[in-house]
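Accompanying notes for the structure given below.
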Amino acid sequence: MGETERAHACTLAEVRRERTVRIKRKTPAIAVNSAKDDLRGLAAQGFTASRPLRTVPAMTSETVPVIELVGATKRFRSASGGVHTAVRDLDLTVAAGEFVAVVGPTGCGKSTTLSLVSGLEPPSHGRVAVNGREVTGIPEGVGYMFQADAVLPWRTVLDNVTLGPRYRGATTSDARDRARDWVGRVGLGGFEDYYPHQLSGGMRKRVALAQTLVNEPRILLMDEPFSALDVQTRGLMQAELLRLWSGTGAAVVFVTHDLEEALVLADRVAVMTAGPATVKQVFDVRLPRPRDAEEIRLTSDFLDVYREVWESLREEVQITRERMSGRVA
Amino acid sequence: MSHDVALPGAAAPTDEDLAVSSARAAVRRRKLAVTGVRLLLVAVWLGSWELSATYLIDPFYYSKPSAIGGKLVDWFTQTTAFGSIWTQISYTLQEAVAGFALGGVAGVLLGIVLGRSRFVADVLAPFIKAANAIPRIVLASLFVIWFGLGMSSKIATAFILVFFAVFFNAFQGAREVDRGLVNNARILGAGRAQILWTIVVPSATSWILASLHSAFGFAIIGAVVGEYSGADKGLGLLINNAQGTFDSAGIYAGMIIITLIALVAEWLLTLLERRLLRWRPAASGSHDVQI
Ligand SMILES: Nc1ncnc2c1ncn2[C@@H]1O[C@H](COP(=O)(O)OP(=O)(O)OP(=O)(O)O)[C@@H](O)[C@H]1O
Ligand SMILES: [Mg+2]
């Protein structure tokens, strides 16, 4: 088992290297697709849902990638004083308007990847670019919904949502108008004057969503935004996210450990390796839009992609699990 | 659009009203019982003191409630050895409030600045520790020499006591600001000043308010001790004079007035705290109606 995995990882590394080279020569979209051609030999056969040569959201000359990670590596000083590599040699490109989901086992480095893109953390190595510019500090037009609740507990729902516009120099009344609009759009009309502790967990997530969306980000980073919610609320929030996102043309990077969620939402799903994270494989999700978040998971196409991606993800989850049980023992 | 909880203002069914009113009644009964027992305790305490001072112990040393009451009536209806009692109270109060305000503002400002700047905090840490270790109450004597017998020496003493109490809490509060909140604000577009004003200050507020309660007590102690060390007016002087004339009832009477002032201040601070910390969930065990 371990042997085959290593062999597998080896081939993947080669593929990746090759892809990196191609990225430098051609446009990234084509490069990714050709890499997927190679990967097809590795993936289990017989799944038709994910054809490598699909038309990715019209990749023409005007769609330069809005997010570009090339060989990005992030190291932290670990608690014991050593060096811990959270992200290693990670390549990922996201086109404008594209919805990319990132799945991977727990602790592999998904949040760290987002913190690189958001400019909150600089990479130790490699290139991170947003809108074609190297990331130094927080790039313009980026919204980030954090994994942990980041709603200000001392501000009401409305005042929390006014934060962004106020920070960006809007007048009080303008900020309030825009905030009121967004509070309504995420379905919290009537709760404007509530404090966060008076809301349910799902409602707090809606506040965070409105707080992020009111700035009308061109790039939206979301870190397991719905993982703390119960299944029904999560389904509801997924549907609402799709509704709010459609037509905005914003690029989304959506981190989750829920593969079903990833497939319901995304155009492409990037599977991460067990930590240190790097992109193992990227799958196209060829499901029609607009999607009904509740219905689509019952279709056979969905189940086909699910099986294919899960095949890839399962190995990494297995590795993480073994490591953890090793640590516990 | 469906919501996770019921909409506000939905009509409540009648048995819910009943539950609320019966819960309210239970709370009222409890409050009454608590107040009753408290009054009883005070009565027993004062009564036994009065009795034992009359029959068992020497009231010259220990005084007794009736003598203290008499002294208070004396002070308020006639005058003290240094003029009207109201002059003394207002004098001490002015010193305490001035010291409290100045010390509070300085403590909050410096605490937040140092809490947000690792480098300055690291540089100043040993000096602050040393300054905190000084028995500050002794400074009262020094301040009388520096600033004379007037108000300023007492304000200085109150200031020093308040400053350190507030400073350490503000420092801690500014340090423990949730990094997630700061990062979120940065992503939303906040600059340094905006982060300080909208994130750091509010999240340090509960720490600061907690310290203000004890700080006003310190301000009064500073003022009274300052007056003790040398003054021409004030409650501290009154107490000092009572000590000089072996008037134990006078000492108690002064103490009672100071205690009342401190209680009123405490009440005002609690109101302020409620206003500023409205956003917090009600602490369990408060007098909220719970069903
Ligand atoms: N600031 C930091 N300092 C040191 N180590 C860190 C830091 N941030 C993350 N790490 C480490 O990097 C690794 C990846 O963390 P990360 O939060 O990116 O994981 P994740 O994939 O988001 O996990 P999860 O799915 O559980 O949220 C972890 O082992 C973590 O301990
Ligand atoms: Mg994470």
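Restricting the search to region B:141-164, which residues are in a helix (DSSP H, G or I) and over 22 Å from residue B:213 (Cα atoms)? Break it down into steps so the answer makes sense when it comes.
Within region B:141-164, the first condition is being in a helix (DSSP H, G or I), and the residues that meet it are B:141-147, B:151-164.
The answer is B:141, B:142, B:143, B:144, B:145, B:146, B:147, B:151, B:152, B:153.
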Conditions: (1) within 11 Å of another protein chain (Cβ to nearest Cβ); (2) surrounded by fewer than 17 Cβ atoms within 10 Å (Cβ to Cβ). Residue A:174 meets all but one. Number of the miss?
(1)
Which of the residues spanning region A:197-218 are under 19 Å from residue A:179 (Cα atoms) and outside any helix (DSSP H, G or I)?
A:199, A:214, A:215, A:216, A:217, A:218
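For the subset of region A:245-274 comprising residues that are open to solvent by 20 Å² or more (accessible area, probe 1.4 Å) and on the phi < 0 side of the Ramachandran plot, which member is farthest from ligand 1 (Cβ to nearest atom)? Step through it out loud before you land on a result.
The first filter runs over region A:245-274 and keeps only residues open to solvent by 20 Å² or more (accessible area, probe 1.4 Å), leaving A:245-249, A:257-258, A:260, A:273.
If we keep only those that are on the phi < 0 side of the Ramachandran plot too, we end up with A:245-246, A:248, A:257-258, A:260, A:273.
Details: A:245: 22, A:246: 27, A:248: 25, A:257: 5, A:258: 11, A:260: 16, A:273: 11 Å.
If we take residues in region A:245-274 being open to solvent by 20 Å² or more (accessible area, probe 1.4 Å) and on the phi < 0 side of the Ramachandran plot, then A:246 is farthest from ligand 1 (Cβ to nearest atom).
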Which members of region B:156-181 meet the condition of being within 25 Å of residue A:147 (Cβ to Cβ) and either within 9 Å of another protein chain (Cβ to nearest Cβ) or buried (at least 19 other Cβ atoms within 10 Å of the Cβ) (or both)?
B:173, B:174, B:177, B:178, B:180, B:181
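For (1) part of a loop (DSSP other than H, G, I, E, B); (2) open to solvent by 80 Å² or more (accessible area, probe 1.4 Å); (3) at pLDDT below 90, each residue gets a yes or a no:
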residue	(1), (2), (3)
B:212	no, no, no
B:219	no, no, no
B:223	no, no, no
B:232	yes, yes, yes
B:243	no, yes, yes
B:265	no, no, no
B:268	no, yes, no
B:284	yes, yes, yes
B:289	yes, no, yes
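Within region A:295-309, does at least one residue satisfy the condition of being within 16 Å of ligand 2 (Cβ to nearest atom) and either open to solvent by less than 10 Å² (accessible area, probe 1.4 Å) or over 20 Å from residue A:182 (Cβ atoms) (or both)?
Within region A:295-309, the first condition is being within 16 Å of ligand 2 (Cβ to nearest atom), and the residues that meet it are none.
No: zero hits.
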Go through region A:88-119 and give me each residue that's of a type in the set (Ser, Thr, Tyr) and more than 15 Å from ligand 1 (Cβ to nearest atom).
A:93
Would you say residue A:254 is assigned to a loop (DSSP other than H, G, I, E, B) and of a type in the set (A, V, I, L, M, F, W, C)?
no
Among what's in region A:92-108 and is in contact with a Gly (Cβ under 9 Å, 6 or more places away or on another chain) and open to solvent by less than 10 Å² (accessible area, probe 1.4 Å), pick the residue that is farthest from residue A:268 (Cα to Cα).
A:108
What number of residues in region A:97-111 are more than 8 Å from ligand 2 (Cβ to nearest atom) and within 14 Å of chain B (Cβ to nearest Cβ)?
0
Which of the residues that make up region A:200-235 are crowded, with 20+ Cβ neighbours inside 10 Å, facing chain B (nearest Cβ under 10 Å) and over 25 Å from residue A:116 (Cα atoms)?
A:202, A:203, A:204
Please verify whether region A:68-84 includes one or more residues that are open to solvent by 20 Å² or more (accessible area, probe 1.4 Å), near ligand 1 (Cβ under 8 Å from one of its atoms) and in contact with a Gly (Cβ under 9 Å, 6 or more places away or on another chain).
yes
Which listed residue, of A:221, A:287, A:229, is touching a Leu at 6+ places or on another chain (Cβ under 6 Å) and either part of a loop (DSSP other than H, G, I, E, B) or within 16 Å of ligand 2 (Cβ to nearest atom) (or both):
A:221
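The values are calculated or read from the model by the stated rules, or taken from the named source; none is laboratory data. Just so we're clear, the structure is a prediction, and the values are computed from it rather than from any experiment. Note that we place each Cβ from the backbone using ideal geometry, even for glycine, and neighbour counts take in every protein chain shown. Note: accessible area is taken over every heavy atom of the protein model, side chains too, but ligands, DNA and RNA are not part of it. Shrake-Rupley method; radii C 1.70, N 1.55, O 1.52, S 1.80 Å.
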